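Report on the structure given below.
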Amino acid sequence: MKETLLSHFKEVFRYEEHRDEEAVRFFFAPGRVNLIGEHIDYNGGYVLPATLSFGTYVAVKPRTDNKIKLFSVNFPEKGMISFSLDELQYEKEHDWANYPKGVLSVFQEHGYVGQRGFDAVYDGNLPNGAGLSSSASIEVVTAVLWNKINGFQVDEVELVKMCQQAENEFIGVNCGIMDQFSVGLGKKDHAVLLDCDTLKYEYSPLMLGDYVFVIANTNKRRGLTDSKYNERRNECEQALAQLQKNHHIQKLCELDGKTFENDESLVTNDVVRKRAKHAVFENERTVKAAAFLRNGDLLNFGKMMNESHRSLRDDYEVTGKELDALVSAAWEEESVIGARMTGAGFGGCTVNLIHQDQLEEVLSRIGKKYKDQTGLEADFYIAHSGKGAHEMN
Ligand code: GLA
């Protein structure tokens, strides 16, 4: 990968052989797949994502002036995007480059001011808009490289919080901390159980035996995601405000299921009540699922995944016909012990826990049923888990 990146870099920046190649540094940040704990990071709940072995690669070389020049192999039609460190404003025509720009801007806001800019080529192999955190991967790889080349020594947790801030304030998507956190701090062959309220976390080994996690892409672009996402967040806030009349809580996920059931009538709107119900029970499911994983009880882990999907479909209403069709087709297979949508929803990917035997046949049957119902081809990838963001040596 480094060689391909370096050759892109030389081509884009017209570096000649005798120029100082060694000064080019290489960074990587993965994507993530969330195994369970959906739409509860912003409700102070537990999530259980795993980092993937694929993501965003960057070749970067510091400049002597304060210019930033960015090129993406994935969006060659956007050409070279240039700006300087004293003009870090959002610009629509800068398209994908607003993600790295947002990160640099948040660093500045926190007093980490770099004097010298850089040339960089970005190259990613995550499907775009598929719910595997391609944007968090771009943000975090930028944060890690900017931290390193300037020697700022911002710690990992602060770094991912700054990336979330960039997404919230610069890009305008009101996401929680899950994506940036897992992309930054993920560990190979582990999922991370993260308490999104306190940011305490523990790694959970993925002891899967004869099973694999398979990601299935609906190839339905997530159309209205951002507006629907912010709408769900507002609904959760409404529920919280009503529940606070009887409970000293700051976040919905502080309530356990029993307490919620006793007092759910405090939430007057039926739809808003369903949203809160999802949040409270999804949190309980995630804690249970993490314990099942720890004990190697994959069958019960899979059941939690299935329940999670039903709740996201019926109560949180963020699935849609494509995700439901792909999950239902998976549920019909005996060797699939768990299947659910992953990420924000409304399109994007599902995650499936499947026995390795006859995997190809199983996936081809699922793909065929899905195509019959939706007219779309699904893509399948085995989710190998990789290391969080780092410099490639
Ligand atoms: C998106 C957001 C995350 C999280 C998920 C849903 O990926 O970026 O913060 O809320 O949706 O679980």
- Query: Which of Leu359, Leu194, Leu185 moves most in a GNM of the chain, Cα contacts under 10 Å?
  - Reply: Leu359
- Message: Once you keep just the Cα pairs under 8 angstrom separated by 6 or more residues, what percentage relative contact order results for segment 123-242?
- Response: 21
- Task: Let me know the Rg and Dmax you get for the chain when you use only its Cα atoms, in Å.
- Result: 21.4, 73
- Kirkwood hydrodynamic radius of segment 188-301 from all distinct Cα pairs, in Å? 16.5
- Highest mean packing first, using Cβ neighbours within 10 angstrom, the peptides 74-86, 345-357 sort as 345-357, 74-86
- Grab the DSSP H runs of the chain that are 4 residues or longer, score each as -39,500 (n - 2.57), total them, divide by all residues and round the 222 nm result to the nearest 500 deg cm²/dmol. -12500 deg cm²/dmol
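All other residues with a Cβ under 11 Å from the Cβ of Leu52 taken together, and with Lys, Arg as +1 and Asp, Glu as -1, what is their net charge?
Details: positive: Arg32, Lys188, Lys387; negative: none.
Here the charged neighbours net out to +3.
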- Fewest to most Cβ atoms within 10 Å: Arg233, Arg63 sort as Arg63, Arg233
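What's the whole-number percent of alpha carbon pairs in segment 1-116 lying beyond 21 angstrom? Walk me through the numbers on the way to the answer.
Values: 3525 of 6670 pairs.
Summing the P(r) of segment 1-116 above 21 Å gives 53 percent of all pairs.
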- Query: Between segment 318-348 and segment 158-227, how many Å separate their Cα centres?
  - Reply: 19
- Task: Return the Cα extents of segment 287-393 along principal axes one, two and three, sorted largest first, each rounded to a whole Å.
- Result: 43, 35, 29
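By average Cβ neighbour count within 10 Å, what is the ranking of 319-326, 197-204, 31-38 from highest down?
Numbers: 319-326: 22.0, 197-204: 13.8, 31-38: 29.0.
So the peptides 319-326, 197-204, 31-38, ranked by packing, come out 31-38, 319-326, 197-204.
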- Message: At a 10 Å Cβ-Cβ cut-off, how would you order Ile215, Ile40, fewest neighbours first?
- Response: Ile215, Ile40
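A short reminder: the numbers here are calculations on the coordinates, not readings from a lab. Please read all numbers here as calculations on a predicted model, not as lab measurements. Cβ coordinates were reconstructed from backbone atoms using ideal geometry, including for glycine residues, and neighbour counts include every protein chain displayed.
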